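Novice: Okay, handing you the structure first.
The values are calculated or read from the model by the stated rules, or taken from the named source; none is laboratory data. These numbers were taken from a predicted model, which means no experiment stands behind them. Cβ atoms come from the backbone with ideal geometry, glycine included; neighbour counts cover every protein chain shown. All accessible areas refer to the heavy atoms of the entire protein, side chains included, with ligands and DNA or RNA removed. Shrake-Rupley method; radii C 1.70, N 1.55, O 1.52, S 1.80 Å.
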Amino acid sequence: MTISVDLSGRTALITGASSGLGSRFGRILAGSGANVALGARRKDRLETLASEIGERAAAVEMDVAREADIIAGFDAAEEAFGTVDTVIANAGVDGAGMMVTISEEEIEHTLAINLKGAILTAREGAKRMMANGVTKGRIVMVASITAFEPSPGLVAYAASKAGVVQAARSMAREWARAGICVNTISPGYIRTAINDEWFDTDLGKKQIARFPKRRLMGEEGLDGPVLFLCSDAAEFVTGTDFVLDDGQTL
């Protein structure tokens, strides 16, 4: 399915772009006319993706757990394409583990990447938009249906994603008069490198069987909403969470 949204003239920075949803976001935004700075720690993968996308893409090595890396990432994006007016804070880790056994270090790592990293990425983007006179800024933060669904074995992850939703709403209110729209998407379960092995297990298959449509959703189900939220058409949408889960939470 081809979705037509014109993002010509926009420059986006996407975190977690070396694989999974982030790489798809890079492709669809570039395909709709945007310049895309692909941010992640694995620069070799980013460079491969950027070469596949073409001149609209640039690889930007960055670790969202470190504010200095985020700042350097935005600097590199601006050097390649000019002012960033669109941000997709997508970088994340699963932080899986039962609460009584998961380590303190793993909890801290999950919160550092998923929550702190997302907040710092959005903040740096907004600071630069305001400094450069951007009046139609777009920030999309990737949350999850686990933000509001009990998720045994994913407590740290779920807490981080609930934090992303509330942080986005609060930032949307804080930056409303600056013309920066901040929204979240909460995807359902999609097969990615993070969960691929789980859904091949008996328990994973039973989980899928409990969904109303008895299937995992395809990542293409996020394309339309993400493109819309990055576009001028989303001017009147801010502080909103979009649940995109193929009915999995029904």
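Novice: Go through (1) on the phi > 0 side of the Ramachandran plot; (2) more than 18 Å from the chain's Cα centre (by Cα) for Gly16 and report which single condition fails.
Specialist: So the condition that Gly16 fails would be (2).
Novice: Cβ-Cβ below 6 Å, separation at least six or inter-chain, first residue in segment 16-30 and hydroxyl-bearing (Ser, Thr, Tyr), second open to solvent by less than 20 Å² (accessible area, probe 1.4 Å) and not in a helix (DSSP H, G or I): which pairs?
Specialist: Between residues of segment 16-30 that are hydroxyl-bearing (Ser, Thr, Tyr) and residues that are open to solvent by less than 20 Å² (accessible area, probe 1.4 Å) and not in a helix (DSSP H, G or I), the close pairs are Ser18/Ala40; Ser23/Ala17.
Matching residues to (1) farther than 22 Å from Glu149 by Cβ; (2) open to solvent by 30 Å² or more (accessible area, probe 1.4 Å):
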{"site": "Phe199", "(1), (2)": "no, no"}
{"site": "Asp202", "(1), (2)": "no, yes"}
{"site": "Lys205", "(1), (2)": "no, yes"}
{"site": "Arg210", "(1), (2)": "no, yes"}
{"site": "Glu219", "(1), (2)": "no, yes"}
{"site": "Leu227", "(1), (2)": "yes, no"}
{"site": "Cys230", "(1), (2)": "yes, no"}
{"site": "Glu235", "(1), (2)": "yes, yes"}
{"site": "Val243", "(1), (2)": "no, yes"}
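Novice: Moving on. Can you name every residue in segment 167-197 that is in a helix (DSSP H, G or I), exposed (fewer than 15 other Cβ atoms within 10 Å of the Cβ) and out of contact with any helix residue (DSSP H, G or I) (no Cβ under 7 Å at 6 or more places or on another chain)?
Specialist: Ser170, Arg173, Glu174, Ala176, Arg177
Novice: While we're looking at this one, here's another question. Leu154 is checked against (1) within 14 Å of the chain's Cα centre (by Cα); (2) buried (at least 22 other Cβ atoms within 10 Å of the Cβ) and fails just one. What number does that condition carry?
Specialist: Only one criterion is unmet by Leu154, namely (1).
Novice: Which of the residues that make up segment 9-32 are in a loop (DSSP other than H, G, I, E, B) and open to solvent by 10 Å² or more (accessible area, probe 1.4 Å)?
Specialist: Passing the criteria: Gly9, Arg10, Gly16, Ser18, Ser19, Ser32.
Novice: Another question, then. If you scan segment 65-89, which residues turn out to be in a loop (DSSP other than H, G, I, E, B), open to solvent by 20 Å² or more (accessible area, probe 1.4 Å) and touching a residue at least 24 places away in the same chain (Cβ under 8 Å)?
Specialist: Ala65, Gly82, Thr83, Asp85, listed by residue number.
Novice: How many residues, within segment 123-144, are part of a helix (DSSP H, G or I) and open to solvent by 10 Å² or more (accessible area, probe 1.4 Å)?
Specialist: Selection size over segment 123-144: 6.
Novice: For segment 91-120: of the residues being acidic (Asp, Glu) and without any contact (Cβ under 8 Å) to a residue 40 or more places away in the chain, which is nearest to Val164 (Cα to Cα)?
Specialist: My answer is Glu108.
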